[in-house]
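> Just dropping this structure here.
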Amino acid sequence: MLSKNEILETVNMVEKEHLDIRTITMGISLLPCVRESADKTATAVYDRVAKKAENIVSVADELSKTYGIPIINKRVSVTPVSLITAPSDGGEIKIAKALDKAAKELGIDFLGGYSALVQKGMTSYERRFLESIPEALSATERLCSSVNVGSSKTGINMDAVKLLGNIIKQTAEKTKDKGGLGCAKFVAFCNAVEDNPFMAGAFHGIGEGETVVNVGVSGPGVVHHAIKNMKGASIDEIAEIIKKTAFKITRAGTLIAKEAAKRLNAEFGIVDLSLAPTPVMGDSVAHILEAIGLSSVGAHGTTAALALLNDAVKKGGVMASSNVGGLSGAFIPVSEDIGMINAANNGAIDINKLEAMTAVCSVGIDMVAIPGDTPAATISGIIADEAAIGMINNKTTAVRVIPVPNKKVGDSVEFGGLLGEAPIMAVSPYSSEAFISRGGRIPAPIHSNKN
Amino acid sequence: MKAIVSVIGKDKSGIIAKVSTALAEKNVNIEDISQTIVQGNFTMIMMCDLGENISVAELAGVLDKTGKEAGVIIRVQHEDIFNAMHTL
């Protein structure tokens, strides 16, 4: 029998602490859509996505009403598009536009999977695909793109890393009237996961089933609320309360994920319990770290506090569901977190501290605006550093930076909505050019030899 | 199907009457009810059986209207969400 306190706890989590299901993401395999021409493939892709996901918005609304928990985003992820464009030379943009059209008609906010997996090598059609990314992101509204450049098993493809520096610069240039917004929809990964429901990095891995529902649960506000009154409590007690809170949130997510999969005639994939902040007050990961005891995120101790948070979240999640996957941890996107924005404005946090933090939490240098005149090789250097952290530590790392055209340190940029606003952060003025221009591959690390 | 109705708002006369009338009109059976005043706020929790007559989503629409008339916030949620979060 449920107690009154338990019932009120759940009600308050939704009412006052921003508990929500951040996203229901339907993964759809596009492998059956390959045709001999880009036009035919584009038509097949559009038809398949529009049909498979036709009920995603109505089902999410129904579930939201039934369980009384807001479901914020409805999304679709697809097979990495580079895998289906091989025969359609130069037709990549047609497929990008077909996907964008499907997303708009379904009423979903983002569709991810304009992606390529080039962690070891790159075929000629994958190179062509990568070069199409700036055009694809500027010609579409809701399409998200990602490229996996490295893994703990294969090492880091430095040719791809080099190329991505230029691709990010071109994407910013092509979307300069919107502050380089295209770059907010592009992620460079190391150890990309195949079942991530969160954007911009979601894609439907080739090891996945035909149609899969993955659910991303959030709740930085709930965790913050749970620990803000624990003055004088030891760190063990803090870890314990985070774990228990993560457990409850994940259980709610699992229930909704399973029900969503059933109603959408899809497999249930995973629940991704990630503390994903939004720019609204009371929904900040930075504020959790500050509630743990730091005067500002960025202070010495931030990396340790984040490590504890990330680990406790994972432990609670794993206890709550046998199918926890995706990224599952804490996100630290600068522009999407009011506490991070404040810390960046105050100079309390810089890109170097962020890099250290990415070694202990999920994802990486995320939604960081940098000066528009940052050289491509410097961006490649940032990607290489993050990829190295991921490769050596057997974890996912990512880079989503926006070199905002015509902006310099001290300025800020506003993307609006969930993407928030960001002060321009300084990058190292020293050149990475000679290192990046070498190309080649960073060999797989010693611990990849496990067979 | 079982659902939990929670009513939170400023205390005034007639809240229970209004909510239970709305539920009765939809043939929803109240199985358990508890009510307290927390920091001046009226807080009521009702365990309800919706039978096959009405879905949780439909009832939410009805009670939302009742809540607006009575000046309180009424939520109705499928009981599974509470069980998932609070029981092993």
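> Enter the Cα centre distance for the pair the stretch B:1-28 and the stretch A:32-63, rounded to the nearest angstrom.
43 Å
> Another one. Give me a comma-separated list of calculated 3J(HN,Hα) values for the stretch A:369-375, in order, Karplus coefficients 6.51, -1.76, 1.60 applied at θ = phi - 60°, integers in Hz, x for any Gly or Pro.
Result, ordered by residue: 8, 10, x, x, 8, 4, x Hz.
> B:VAL72: net charge of surrounding residues, Cβ under 13 Å, Lys/Arg +1, Asp/Glu -1, itself excluded?
+2
> For chain B, run through the trypsin sites (Lys or Arg not before Pro) and keep only the ones in DSSP coil with at most 14 other Cβ atoms within 10 Å of their Cβ. If you can, show how the numbers build up before the last one.
Numbers: sites: B:LYS2, B:LYS10, B:LYS12, B:LYS18, B:LYS26, B:LYS65, B:LYS68, B:ARG75; in loops: B:LYS12, B:LYS26.
Here the sparse-neighbourhood loop sites are B:LYS12.
> Quick one: compute the contact order of chain A, relative version, from alpha carbon pairs under 8 angstrom and 6+ residues apart, as a percent.
Relative contact order here is 18 percent.
> Still on this model: Please name whichever of A:ALA286, A:PRO87, B:SER13 sits farthest to the positive end of the charge dipole of the protein assembly as shown, dipole taken about the Cα centre and charges placed at Cβ: Lys and Arg +1, Asp and Glu -1.
So the residue we want is A:PRO87.
> In debye, nearest 20, what is the charge dipole magnitude of chain B about its Cα centre with +1 on Lys and Arg Cβ and -1 on Asp and Glu Cβ, if you could check?
400 debye
> Which shape class applies to the stretch A:155-275: rounded if a/c is under 1.5, otherwise prolate when a/b exceeds b/c and oblate if not, where a ≥ b ≥ c are the square roots of the Cα gyration tensor eigenvalues?
Here the stretch A:155-275 falls in the oblate category.
> Taking amide hydrogens as modeled 1.01 Å from N in the peptide plane, which residues meet the under 5 Å criterion relative to A:VAL404, leaving out close sequence neighbours?
A:ILE370, A:GLY372
> Continuing with the same structure: Amide H neighbours of A:ASN196 under 5 Å, counting only residues 5+ apart in sequence or on other chains, H built in-plane at 1.01 Å?
Correct list: A:PHE203.
> Listed here are the pairs B:LYS12/B:LYS68; A:LYS104/A:LYS185; A:LYS176/A:LYS407; A:LYS153/A:LYS258; A:LYS52/A:LYS104; which of them are more than 21 Å apart at the Cα?
Listed pairs above 21 Å: A:LYS153/A:LYS258.
> Calculate what fraction, in whole %, of the accessible area of chain A sits on carbon and sulfur atoms when a 1.4 Å probe is rolled over the protein chains.
Details: 8290 of 16500 Å².
Using a 1.4 Å probe with all protein chains present, chain A comes out at 50 percent carbon and sulfur.
> Can you list residues whose amide H is under 5 Å from A:GLY112's amide H, if they're 5+ apart or on another chain and H is modeled 1.01 Å from N?
A:VAL76, A:SER77, A:VAL78, A:CYS144
> Using the Karplus curve 6.51 cos²θ - 1.76 cosθ + 1.60 with θ = phi - 60°, work out ³J(HN,Hα) for each residue of the stretch A:169-178 in order, rounded to whole Hz, and write x for Gly and Pro.
4, 5, 5, 4, 5, 6, 10, 5, 5, 10
> When ligands, DNA and RNA are left out and all protein chains stay put, how many square angstrom of accessible area per residue does chain B have with a 1.4 Å probe? Don't jump to the answer; show the numbers that get you there.
Values: 4350 Å² over 88 residues.
Computed with neighbouring chains in place, this is 49 Å² per residue.
> Could you please report the charge total around A:THR140, scoring K, R as +1 and D, E as -1 over all other residues with beta-carbon less than 12 angstrom from its beta-carbon? Walk me through the intermediate numbers first.
On the way: positive: A:LYS94, A:LYS97, A:LYS101, A:LYS104, A:ARG142, A:LYS174, A:LYS185; negative: A:GLU92, A:ASP100, A:GLU135, A:GLU141.
Spelling it out: positives minus negatives among the neighbours equals +3.
> Interface size between chain B and chain A, please: total buried accessible area, 1.4 Å probe, rounded to the nearest 100 Å². Walk me through the intermediate numbers first.
Details: alone 5530 and 17670 Å², together 20860 Å².
That pair of chains buries around 2300 Å² in total.
> Using the Cα centre of the protein assembly as shown as origin and beta-carbon charges of +1 (Lys, Arg) and -1 (Asp, Glu), tell me which of A:GLY201, A:PHE268, A:VAL147 is placed farthest towards the positive end of the dipole.
The listed residue farthest towards the positive side: A:VAL147.
> Give me the percent of accessible area attributable to carbon and sulfur for the stretch B:2-86, probe 1.4 angstrom. Working shown, then result.
Details: 1900 of 4050 Å².
Result for the stretch B:2-86: 47 percent of the exposed heavy-atom area is carbon or sulfur.
> Which whole-number percent gives the relative contact order of chain B, counting Cα pairs below 8 Å spaced six or more residues apart?
41 percent
> Compute accessible area for the stretch B:45-62 by itself and then with all protein chains, 1.4 Å probe, and report residues whose area falls by 30 Å² or more.
Residues shielded by partner chains are B:ILE45, B:MET47, B:ALA57.
> Per residue, how large is the accessible surface of chain A? Use a 1.4 angstrom probe and give square angstrom.
I get 37 Å² per residue for chain A.
> Before anything else, pin down the relative contact order of the stretch A:146-204: Cα pairs under 8 Å, at least 6 apart, normalised by residue count, whole percent.
Computed value for the stretch A:146-204: 39 percent relative contact order.
> Calculate the dipole size of the protein assembly as shown relative to its Cα centre from +1 charges on Lys and Arg beta carbons and -1 charges on Asp and Glu beta carbons; express the result in debye to the nearest 20.
It works out to roughly 480 debye.
> Return the loop-located GluC sites (Glu not before Pro) in chain B (DSSP other than H, G, I, E, B) with at most 14 other Cβ atoms within 10 Å of their own Cβ; answer none if there are none.
When the GluC sites (Glu not before Pro) of chain B are filtered for loop state and at most 14 Cβ neighbours within 10 Å, B:GLU52 remain.
> May I ask you to find the residues of the stretch A:58-80 that are shielded by at least 30 Å² of accessible area once the whole protein assembly is considered instead of their isolated chain (probe 1.4 Å)?
Going by heavy-atom accessible area, the residues of the stretch A:58-80 that drop by at least 30 Å² are A:LYS65, A:THR66, A:TYR67, A:GLY68.
> Moving on. Along the stretch A:8-20, what does the Karplus equation 6.51 cos²θ - 1.76 cosθ + 1.60 (θ = phi - 60°) give for ³J(HN,Hα), rounded to whole Hz, x for Gly and Pro?
5, 4, 5, 4, 5, 4, 7, 5, 10, 10, 6, 5, 8
> Chymotrypsin sites (Phe, Trp or Tyr not before Pro) within the stretch A:362-451: which are DSSP loop residues with at most 13 other Cβ atoms inside 10 Å?
A:TYR430
> A follow-up question, please. What does the highest-first list of A:225-237, A:134-146 look like by mean Cβ count within 10 Å?
Descending mean neighbour count gives A:134-146, A:225-237.
> As a check on your grasp of the helix formula, calculate [θ] at 222 nm for the protein assembly as shown: sum -39500 (n - 2.57) over DSSP H runs of n ≥ 4, divide by the residue count, round to the nearest 500. List each step's numbers first, then the result.
Details: 17 runs with 225 residues, N = 539.
That calculation yields -13500 deg cm²/dmol at 222 nm.
> Note every residue of the stretch B:72-87 with a reduction of at least 50 square angstrom in accessible area, all protein chains present versus the isolated chain, computed with a 1.4 Å probe, or write none.
Going by heavy-atom accessible area, the residues of the stretch B:72-87 that drop by at least 50 Å² are B:ARG75, B:GLN77, B:ILE81, B:PHE82, B:ALA84, B:MET85, B:HIS86.
> Determine the distance separating the Cα centre of the stretch A:221-300 from the Cα centre of the stretch A:129-194; give it in Å without decimals.
About 29 Å separates the Cα centre of the stretch A:221-300 from the one of the stretch A:129-194.
The values are calculated or read from the model by the stated rules, or taken from the named source; none is laboratory data. Keep in mind that what you see is a predicted model, and the values were worked out from it rather than measured. Note: ideal-geometry Cβ built from the backbone for every residue, glycine included; neighbour counts use all protein chains shown. Heavy atoms of the whole protein, side chains included, go into the accessibility calculation; ligands, DNA and RNA do not. Shrake-Rupley method; radii C 1.70, N 1.55, O 1.52, S 1.80 Å.
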